[in-house]
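Reviewing the structure listed below.
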Amino acid sequence: MSDGSVKQFKKEVKPVWCPGCGNYGVLSAVFQAFGRLDVPREDIVLVSGIGCSSRLPGYVNVYGFNSVHGRSLPIATGVKLAKPELTVVAVGGDGDALSIGGGHIPHIARRNVDITFLIMDNSIYALTKGQASPTTPFDDITTTSTYGTIDEPLDAVSLALAYGVSFVARGHSADVKHLASLIVEGIHHPGFALIHIISPCITWRGMKGYDEIKERTYYLDERHDPADKAQAVAVSLEKERLPLGIIYRERRPTYWERILGQREDAKSRGVPSIETLLNQFVP
Amino acid sequence: MRTDLTLGIAGSGGDGVIVAGDFLVWAAASEGLYSFMLKSFGSQIRGGESSCKIRVGEDPILSQGDKLDVLVAFNWKDYAKFRSELEIKEGAVVLCDSADPTPDEDIPLPRSAHPVLYKIPLQQIAASRTGRGPGKNMVMLGVLSEMFGFHADAIQAALRKRFQKKGDAVVDLNLGLFEAGAAYVREHVQRRDQLIFSYRRAEPKMVISGNEALALGAIAAGVGFFAGYPITPASEIIEYLARLMPLYDGVWVQAEDEIAALGMALGASYSGKRAMTATSGPGLSLMNEMIGLASLAEIPVVIVDVQRVGPSTGMPTKSEQSDLQQALYGTHGDAPRVVLAPADVEDCFTVAMDAVCIAEEYQLPVIILSDQFIGQRKESVPKFDANRIKVCERPVPGPGELSNFKRYLLNESGISPMSFPGIKHGEYTAAGIEHDEYGNPTSSPQMHEQMNAKRFRKLETLRRRWPYVRRYGSSGAEVGVIGWGSSKGAIKEAILRAEEHGIKVAGLVPQLIYPPAYEDFEAFLKPLKKVIVVEMSYSAQFLKYLKSSYRLPDDVVLLKRSGGIPFTVEEIYRKIEQEVTGGVRV
C-alpha cells in the first residue's frame with residue numbers, strides 16, 4: 001500500500017521543461033494527488049501522447065506509457081479494460097488532446113471509461129517551437145500565424161460537456177493544491193473525468209497564460225451545483241471569466257460495468273468448450 | 001461417373017444463390033466430402049447479382065477448380081456478369097430457368113463448348129407452391145440432387161436444421177419445394193448416367209471460412225482483448241469475436257477507427273493481455289504509426305489484414321496480394337515486425353495461434369496477411385484438432401530481475417522480460433521515444449544503434465526457431481514455383497498435375513514471410529535453374545521482396561496479375577508446362 005508520501009513517486013529523471021513552465025505545477029499536483037490516493041505505485045498507470053506535457057509519465061515512479069501524438073486515450077482505454085483494477089490517468093497537451101486526438105474524446109465519453117484525462121493547455125505547440133494550437137486565441141501571432149490566427153480557438157470544457165463527459169473540471173498550474181484536489185476527485189469519479197488545466201508556456205507565450213489566470217479566472221463556490229448540467233453549460237459559456245473547479249459531475253454506468261453486465265448475461269446461457277465451438281461447424 | 005465436381009450458380013440478389021450454395025456445401029460436409037465454395041458479388045448492400053462456385057470431391061480440395069462441370073443460371077443477364085469467373089467446360093451441363101426469355105442464340109455461353117442445356121421451370125414450380133417468386137433455389141437443389149445423385153437425405157437434413165428455428169411450416173414448405181424439383185426431374189428429364197456424382201461417405205467435415213477459422217484460432221490462443229473497426233472483408237472476424245469474447249471473459253471493443261483499435265490493443269497488451277485487431281488494407285494504412293510504436297516500445301500485438309483489391313477503396317469485395325509491401329515496410333523508421341501468411345482456411349486457425357505465440361514471446365507486432373479469397377470462402381476440412389492448440393506465455397521478470405529492473409535489457413536474444421502494471425518493482429515507462437534499458441528517453445546516437453540492434457536481434461532469434469515454409473513437388477526438379485498466401489492451393493494442384501504429366505517441378509510456399517527464412521529458401525533454390533514466381537499483384541511486390549532477400553536463379557519467370565479473380569490451376573499449370581518443356585515464352 002502507499003505510505004502516503006509524495007516522495008516515493010518522484011523519479012531521478014530531470015524534466016526537460018523550460019524554467020517557469022506550467023507543467024512543473026501539474027507534475028507537483030500529480031505527485032500530491034497520488035500521495036493522497038490509497039493505491040500502490042504498481043497499480044497506477046500514466047499514459048501520454050507526444051509533446052512537452054506528454055513527457056510527464058517519464059518523471060513519475062509508476063507504470064507509464066509515452067506513446068504517439070494524440071493517441072493516449074485509446075491506449076489508456078486498452079490499459080484500463082485489460083486490468084480494470086488499475087488507476088489510469090491520461091495526460092496530454094492541447095494539440096494532443098484537441099487537435100490530432102480530438103476525435104477520441106466523444107467516444108471515450110460515450111463509453112464512460114473510468115480514466116482521468118488531464119489536458120495541459122498552454123495554447124501553443126511548444127515542443128515544436130511555437131506554432132499555433134487549437135486553443136491559441138484568435139488573432140494571436142505565432143510562428144505559423146505571422147499575420148494572426150484566423151481560426152477560432154476550441155474550448156475543452158464546452159466540448160466535454162457537449163460530448164457527455166461525466167466529470168468535467170478546470171484548474172490551473174499555479175494553484176497546485178486546488179489542482180491536486182481536482183485530480184483526486186477525478187480519479188475517484190467512476191467514469192471518464194476530463195480536467196482542463198491552464199498550464200502556461202512562458203517560452204512561446206510569455207506571461208500571457210499567467211496573466212489570463214490572474215485576470216480571467218474565478219473559483220466556483222457552493223452556489224454552483226455540479227449535478228446541474230444546464231448550470232454547467234451556462235458557466236462554461238462565460239468567456240470573460242473562466243470558472244475553476246468541478247463544473248459537472250454525473251454518476252452513470254462505466255464501460256467496465258456494462259462489459260461485466262453483458263458478460264454475465266452472455267455466460268448465463270452457457271460457455272462452450274473449444275471442442276463444442278469446433279463442433280458448431282460440423283453439420 | 002464423377003468424383004470431383006465443379007459447379008457454378010449465378011443469379012439476382014433475391015434468387016438465393018448463396019443460400020443454395022451453403023446448403024450444398026453443408027450437405028457435402030455431412031457426407032464426409034471435401035468442398036470449397038467461393039462467393040462473388042459486387043459491393044452493393046442488397047440486391048444486385050451474385051454467384052458462387054463450389055467444388056466437391058472425395059479427396060482434399062486445393063483450389064476452386066477451373067471450368068465448370070455444371071452451371072446453374074437463374075437468369076442469363078446476371079450470368080453474363082460472371083462469365084469470366086464461371087467459365088464452362090467442354091460438354092458442361094447447364095441448368096437454367098425456362099422463365100428466362102433469352103432466345104437460345106443469345107445465351108452467353110461459348111458454342112464451342114457444346115453445353116448440354118436443360119431448361120427447368122424453376123420459377124413456375126416455386127410459384128405453384130409459394131404463390132410468389134421465392135423458393136427457386138430450393139427447387140433447384142431438388143433438381144440437382146436428383147440429376148446428379150447427391151444423397152437427398154443429406155440436403156434435406158441441412159434444410160431441416162437451417163429452418164428449424166422458423167417453425168415446422170417453413171421446414172415443410174422448403175422440403176416441399178426441394179421434393180417438387182426432384183419430382184420434376186423424375187417425370188420430365190431423362191437422367192443420364194454420366195452425370196452421376198459418385199462418392200463414398202466418410203466422417204463429417206467442418207464447414208468454415210478463413211475468417212471464422214482465424215477468430216477461433218484467436219480464442220484458442222487465449223486472446224483476451226480484441227478491438228476492431230468494421231471493414232470488408234475482415235468484418236466476419238470482428239463480428240464473430242464480438243459474440244465469442246464475452247463468453248471467455250475477454251474484452252471486445254468496437255473502436256472509433258483503426259488507429260484507436262490498434263491503440264487499445266497496445267494498451268491492453270501493455271497491461272498483460274494477449275491482444276489482437278483485424279482490418280483490411282485501408283485500415284492497416286491508418287495503423288502504420290501505431291505499428292512503429294509497437295515495434296519500438298516492444299509491445300506484443302497481432303494485426304490481421306484480410307487483403308482486398310487496392311489501392312484506396314479499390315474493389316473491397318475482391319481479393320489481391322498487394323498489401324505485402326505495406327506489411328513489410330509500412331511505418332517510418334526501422335521497425336522490426338513479423339509477417340505471417342496463412343495459405344488456406346485451415347491455416348487461418350493455426351497461423352492465428354502461432355502469431356499470438358510469436359507476438360507474446362518476441363514482443364513485437366505480428367501482421368497476419370490473409371486475404372478475401374481465404375477469409376470469405378467456405379471450405380469443408382477435417383475438424384481442427386483441439387489437442388494441437390498452442391497457448392504461449394510472454395517472458396515476465398523473475399524476482400531476481402526486479403531489484404534493478406531493466407525493461408529493455410540489452411541481451412543476446414534481444415528478448416527482454418516484460419513486466420506489466422500490477423507487478424511491484426517492475427514499474428517502467430513504455431516509450432515510443434528512443435530509450436535506454438530502463439525506458440528513460442534518450443537521444444544518444446549510440447544508444448539508438450544498440451537498441452535498433454537489440455530489436456532486430458529478436459528477428460534473428462525467431463528466424464532460427466520458426467522455419468515456416470511448405471515444400472511441394474519433386475526434389476530433383478530444375479524448375480521451381482514460389483508463391484505465397486492464398487495462391488498456394490492452385491500452385492500445389494498445378495504442381496501435382498504437372499507431375500502426373502511427367503513434368504518435374506518443385507514448389508515453395510512460405511508462411512513466414514518476414515523475417516526471411518534464409519536456410520529453407522537456400523536449400524530450395526540451390527538445385528534450381530529457373531524459378532516461377534506467382535503472385536496477385538500488378539507491380540510484382542513479392543518478386544521484388546524475394547530479389548532483395550534471396551539469391552534467385554538468373555532465369556526468373558513472373559506469373560502475376562491484378563486481383564479480382566483467384567489464380568486457376570490451369571493458369572499456373574500452363575505456365576509450368578511452358579517453362580519446363582521450353583514452350584514459347586509470353
Query raised in the report: Taking the condition of a type outside the set (Phe, Trp, Tyr), closer than 21 Å to residue A:190 by Cα and facing chain B (nearest Cβ under 7 Å), does residue A:90 pass?
Result: no
Query raised in the report: Restricting the first residue to the range A:29-44 and requiring it to be more than 14 Å from chain B (Cβ to nearest Cβ) and assigned to a loop (DSSP other than H, G, I, E, B), which pairs with a second residue that is buried (at least 16 other Cβ atoms within 10 Å of the Cβ) and of a type in the set (Ser, Thr, Tyr) meet a Cβ separation below 8 Å and a spacing of at least six or different chains?
Result: A:37/A:2; A:37/A:87; A:38/A:2
Report task. Go through the range B:453-487 and give me each residue that's open to solvent by less than 50 Å² (accessible area, probe 1.4 Å) and basic (Lys, Arg). Result -> B:454, B:455, B:458, B:463
Query - Residue count, the range A:211-234 (criterion: touching a residue at least 60 places away in the same chain (Cβ under 8 Å) and either open to solvent by 30 Å² or more (accessible area, probe 1.4 Å) or in contact with a His (Cβ under 6 Å, 6 or more places away or on another chain) (or both)) - result: 2
Report task. Please tell me if residue B:379 is on the phi < 0 side of the Ramachandran plot, more than 27 Å from the chain's Cα centre (by Cα) and either assigned by the TED database to the domain that holds residue B:217 or outside any helix (DSSP H, G or I) (or both). Result -> no
Query raised in the report: With respect to residue A:221, is the statement that it is acidic (Asp, Glu) and either part of a loop (DSSP other than H, G, I, E, B) or within 14 Å of chain B (Cβ to nearest Cβ) (or both) true?
Result: yes
Report task. Please enumerate the residues belonging to the range A:11-26 that are open to solvent by 10 Å² or more (accessible area, probe 1.4 Å), away from chain B (no Cβ under 14 Å) and either touching a Cys at 6+ places or on another chain (Cβ under 7 Å) or free of Cβ contacts under 8 Å to residues at least 60 places away in the same chain (or both). Result -> A:19, A:21
Query raised in the report: Is there a residue being away from chain B (no Cβ under 14 Å) and in contact with a strand residue (DSSP E or B) (Cβ under 7 Å, 6 or more places away or on another chain) anywhere in the range A:259-277?
Result: no
Requested in this report: Can you tell me which residue among B:229, B:248 is within 10 Å of chain A (Cβ to nearest Cβ), open to solvent by 30 Å² or more (accessible area, probe 1.4 Å) and among the aromatic types (Phe, Trp, Tyr)?
Outcome: B:248
Query raised in the report: Is there any pair with a first residue in the range B:535-556 that is outside the structural domain of residue B:308 (by the TED database) and among the basic types (Lys, Arg) and a second that is in a helix (DSSP H, G or I) and open to solvent by 20 Å² or more (accessible area, probe 1.4 Å) whose Cβ atoms are under 8 Å apart and which are 6 or more apart or on different chains, and what are they?
Result: B:544/B:325; B:551/B:522
Query raised in the report: Just for the range A:247-282: of the residues that are within 29 Å of the chain's Cα centre (by Cα) and open to solvent by less than 30 Å² (accessible area, probe 1.4 Å), which one is farthest from residue A:80 (Cα to Cα)?
Result: A:247
Query - Long-range neighbours under 7 Å by Cβ, at least six apart or interchain, first residue within 14 Å of chain A (Cβ to nearest Cβ) within the range B:433-455, second assigned to a helix (DSSP H, G or I) - result: B:434/B:447; B:434/B:448; B:434/B:451; B:436/B:447; B:440/A:58; B:441/A:58
Query - Condition broken by residue B:157, with the remaining ones in (1) within 13 Å of another protein chain (Cβ to nearest Cβ); (2) buried (at least 19 other Cβ atoms within 10 Å of the Cβ) satisfied - result: (2)
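The values are calculated or read from the model by the stated rules, or taken from the named source; none is laboratory data. Values in this document were obtained by computation on a predicted structure and should not be read as measured data. Using ideal geometry, Cβ is built from the backbone for each residue, glycine included, and neighbour counts are taken over all protein chains shown. Accessible surface areas use protein heavy atoms only, side chains included; no ligands, DNA or RNA. Shrake-Rupley method; radii C 1.70, N 1.55, O 1.52, S 1.80 Å.
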